[in-house]
Amino acid sequence: MNILGIESSCDETAAAIYTDGGLISNVVASQTIHEKYGGVVPELASRAHQQSIFGTVEQALHEAGMSPSDIDAVAVTQGPGLMGALLVGLCFAKGFSISHGTRLIGVNHMDAHMYANFIENEQTFPFLCLTVSGGHTQLIHVTEPFSHHLLGKTRDDAAGEAFDKIGKILGLPYPAGPVMDKRAKNGNPKFHKFPQSMLKEGFDFSFSGLKTSVLYYLQNKGDEAAQQAFLDDHLDDVCASVSEAITEVLIKKLDRAVSETGCKTVLLAGGVSANSMLRAKAQKLAQKRDLRLMIPKMAYCTDNAAMIAITGHMLAKRGQFNDLSLKPFARVS
Ligand code: KG4
Ligand code: ZN
């Protein structure tokens, strides 16, 4: 079974091919146009997807040494994501399916982030997954394939959104998550204790208070010139302290979920699972609790089509296909 995966939910146009033997090609075209706006501009994202989707799919086929007739099914991100961006991928997938007679499979982007872990690891169930991306922060208990129990989610900003918005306050370019990560490596995480929200309350998260707290912390340093002088000396320390606050909450809740479910396999997923402090804390937790830990390699953490293709492959093996009435959805209900 050869599956072509297509991803276009946000600002990466991506195509990949996953076969019974594993992943054989993986192409990502990142959109840089959004940098100057400090965030993804939906209409620009849709246009950029439209421009690069043909070339991206062509390259994925070329790298796999395949032609469209070798593809058995095309798996495409159905949502959640930006509606216009999703439509570009979905319409392309439907066109591909009609013209080449392949089956069609709609893939949930958040499921795909989780199953990205199985590109390089054996499929293991049950597991707990902490999915942390720009749009979502979820703690999920997965008892068997596609049987997902949501333990908790963010009530406001997602973890990646918190990194990006706080980074913007600190004057970092978009997306600030990877830059903060780099800066934090040279800083002191104990430099300032920022609030760790909702630690005692169940499995839900909240990160918007942290953003406000960083804003007030900076404003307390004085006028704009004084704030800049402070950041010139301590940007790395502030980045490390913010990263500490975000990752501590994530790991403490994950730790509690391990206790409550008794689950011995733990997965990280989503763009923020590329964060080095989070990865190190997860490894420490795994050692302490004797857990099997899976973290996707960097290329499979942020948005990619390899994760869509493997999830499509898992669905195809279960006989789960869609017809041409497949519709995109912006949010998970
Ligand atoms: O999963 P993803 O590529 O897209 C969404 O589905 O949202 O995640 C993107 C998010 C952005 O907020 C980005 O800043 C964050 O992941 N991110 C990071 C790191 N790399 C990406 N955040 C912290 N540390 C990183 N190393
Ligand atoms: Zn994503």
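The values are calculated or read from the model by the stated rules, or taken from the named source; none is laboratory data. All figures in this text were calculated on a predicted structure; none of them were measured in a lab. Here the Cβ is made from the backbone with ideal geometry for all residues, glycine too, and neighbour counts use every protein chain on show. To get the accessible areas, we keep the full protein, side chains included, count just its heavy atoms, and leave off ligands, DNA and RNA. Shrake-Rupley method; radii C 1.70, N 1.55, O 1.52, S 1.80 Å.
The phi-based Karplus calculation (6.51 cos²θ - 1.76 cosθ + 1.60; θ = phi - 60°) puts the 3J(HN,Hα) values of region 49-64 at 4, 4, 6, 9, 5, 4, x, 5, 5, 4, 5, 4, 5, 4, 5, 7 Hz, whole numbers, x for Gly and Pro. Cross-link partners for residue 264 among the lysines, with Cα-Cα distance under 25 Å and sequence neighbours closer than 8 places in the same chain left out: 153, 200, 252, 253, 281, 284, 288, 297.
Between 302, 77, 137, the GNM of the chain built on Cα springs shorter than 10 angstrom shows 302 fluctuating the most. Solvent-accessible area per residue in region 124-295 equals 44 Å², computed with a 1.4 angstrom probe and all protein chains kept. For residue 221, list the aspartates and glutamates whose Cα falls under 19 Å from its own Cα; do not include residues on the same chain fewer than 8 positions away. Cross-link targets: 232, 233, 236, 237. Across all Cα atoms of region 41-126, the radius of gyration (one decimal) and Dmax (whole number) stand at 14.3, 40 Å. Each 10 Å bin from 0 upward holds the following percent of the Cα-Cα pairs of region 212-333: 10, 26, 26, 22, 11, 4, 0. Around the amide H of residue 31, modelled in the peptide plane, lie the amide H atoms of 13, all under 5 Å away and 5 or more residues distant in sequence or on another chain.
Report summary: the helix-based calculation at 222 nm, which adds -39500 (n - 2.57) for every DSSP H run with n ≥ 4 and divides by the residues of the chain, gives -14500 deg cm²/dmol.
Close amide H pairs (under 5 Å, H built 1.01 Å from N) link residue 104 with 74, 322, residues at least 5 positions away or on another chain. The lysines whose alpha-carbon is closer than 27 Å to the alpha-carbon of residue 94, local same-chain residues fewer than 8 away aside, are 317, 327. Magnitude of the charge dipole for region 124-295, about its Cα centre and with charges confined to Cβ atoms of Lys, Arg (+1) and Asp, Glu (-1), is about 580 debye.
A simple rule links phi to the HN-Hα coupling: the Karplus curve 6.51 cos²θ - 1.76 cosθ + 1.60 with θ = phi - 60°, which for region 162-175 gives 4, 4, 5, 6, 5, x, 5, 4, 7, x, 8, x, 8, x Hz, with x for Gly and Pro.
Set against the 2.2 N^0.38 Å expectation for a compact globular protein, region 144-193 has a Cα radius of gyration ratio of 1.54. Take the Cα radius of gyration of region 124-295 and divide it by 2.2 N^0.38 Å, N being the number of residues; the result is 1.05. Expressed to the nearest 5 percent, the antiparallel share of DSSP beta bridges inside region 124-295 is 60 percent.
One quarter of the convex hull surface built on the alpha carbon atoms of the chain amounts to 16.6 nm², the projected area averaged over directions. Counting only protein heavy atoms and a probe of 1.4 Å, the accessible surface of the chain is 49% carbon and sulfur. The residue among 104, 51, 249 whose Cα reaches farthest toward the positive pole of the charge dipole of the chain, with charges on the beta-carbon of Lys, Arg, Asp and Glu, is 249. Taking Cα atoms only, the orientation of helix 83-100 departs from the longest principal axis of the chain by about 20 degrees.
3J(HN,Hα) couplings calculated from phi for region 290-303 with the Karplus curve 6.51 cos²θ - 1.76 cosθ + 1.60 (θ = phi - 60°) are, in sequence order, 6, 9, 8, 10, 10, 10, x, 5, 3, 5, 9, 7, 7, 4 Hz; Gly and Pro show x.
Let me know the charge dipole size of the chain about its Cα centre in debye, to the nearest 20, where only the beta-carbon of Lys, Arg (+1) and Asp, Glu (-1) is charged. Around 800 debye, computed over the chain.
Near the amide H of residue 8, within less than 5 Å, lie the amide hydrogens of 77, all on another chain or at least 5 residues away, with H placed in the peptide plane. Normalising the average separation of contacting C-alpha pairs (under 8 angstrom, six or more residues apart) by the number of residues puts the relative contact order of the chain at 25 percent.
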